[in-house]
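Trainee: One structure is given below, represented as structure tokens, and several questions about it will come after.
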Amino acid sequence: MDLRQLKKEVEGLPRVDTAISDFQQNWVKLLRVNSNSHLPFVQVFSSDVRKQINSYLGPFQNLMLEIRQGQNINEKLFHYARSLVELKLTTLNGDARKAKLITTRLLKDEVFNMAQTIEEVREFEHNVTKLSKVYAVVNEIMEEHLSLEEKIHFTQLPHRKYVETLVKTAAVQKQLMGEVGKQFVSLVGKR
């Protein structure tokens, strides 16, 4: 992948904050008794089923806050793509001083150092995997207590696509961060 393609891929990443907000609106809110009057089947769950679901949803709020921070990774990847283009241009122009400045910024900056972002990508992927597992477990619990018609109605709601978007975004971020690293090593090796 060349730098132009890398930049285009980064620009095409879906917004994590929007996906998690839409997921909250279309799934988490549905499971709350006070906010789901249009889904009467959720309101008739026994108190045991509600307690079981709520036991998963309690820690879920913190997890979603952490996942929302995944948007920062998108922004860092965009910064890296721009910086790599700038590094390539400065290398081609023979401006060693500016190239060193860009390299140092990418390696040692408090916010934009690449090692920290690699760790953030791993953490984001871990959190999205955890969200996906909790989502599957809670859906399984609900489906055990729903009629066939209610299951069909519930599964046709758009919540699944938001989880899939987050899972895909985590995988693409990981792949793009690897590509950023390869491009960086390639450019620094040419100097």
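The values are calculated or read from the model by the stated rules, or taken from the named source; none is laboratory data. Treat the numbers as computed from the prediction; the structure is a model and nothing was measured. All Cβ positions, glycine included, derive from the backbone under ideal geometry; neighbour counts span all protein chains shown.
Trainee: Return a yes/no flag: does the range 143-166 have any residue that is touching a Lys or Arg at 6+ places or on another chain (Cβ under 6 Å) and free of Cβ contacts under 8 Å to residues at least 40 places away in the same chain.
Mentor: Scanning the range 143-166, I find at least one residue that is touching a Lys or Arg at 6+ places or on another chain (Cβ under 6 Å) and free of Cβ contacts under 8 Å to residues at least 40 places away in the same chain, so the answer is yes.
Trainee: Here are some conditions: (1) without any contact (Cβ under 8 Å) to a residue 24 or more places away in the chain; (2) surrounded by 12 or more Cβ atoms within 10 Å (Cβ to Cβ). Thr169 meets all but one. Which one does it not meet?
Mentor: (1)
Trainee: Counting only residues that are closer than 28 Å to Ser21 by Cα and among the aromatic types (Phe, Trp, Tyr), give me the helices (runs of 4 or more DSSP H) lying completely in the range 85-191 with at least 1 of them.
Mentor: 114-144, 148-155, 159-190
Trainee: What are the residues in the range 41-82 that are buried (at least 19 other Cβ atoms within 10 Å of the Cβ) and at pLDDT 90 or above, if any?
Mentor: Ile67, Gly70, Gln71, Ile73, Asn74, Lys76, Leu77, Tyr80, Ala81
Trainee: Also, I was wondering about something else. Pairs under 7 Å by beta carbon, first residue at pLDDT 95 or above in the range 176-191, partner part of a loop (DSSP other than H, G, I, E, B), six or more apart or different chains?
Mentor: Correct list of pairs: Glu179/Met1.
Trainee: Just to verify a result, which residue in the range 6-26, among those that are within 22 Å of Tyr56 (Cβ to Cβ) and surrounded by 20 or more Cβ atoms within 10 Å (Cβ to Cβ), is farthest from the chain's Cα centre (by Cα)?
Mentor: Phe23
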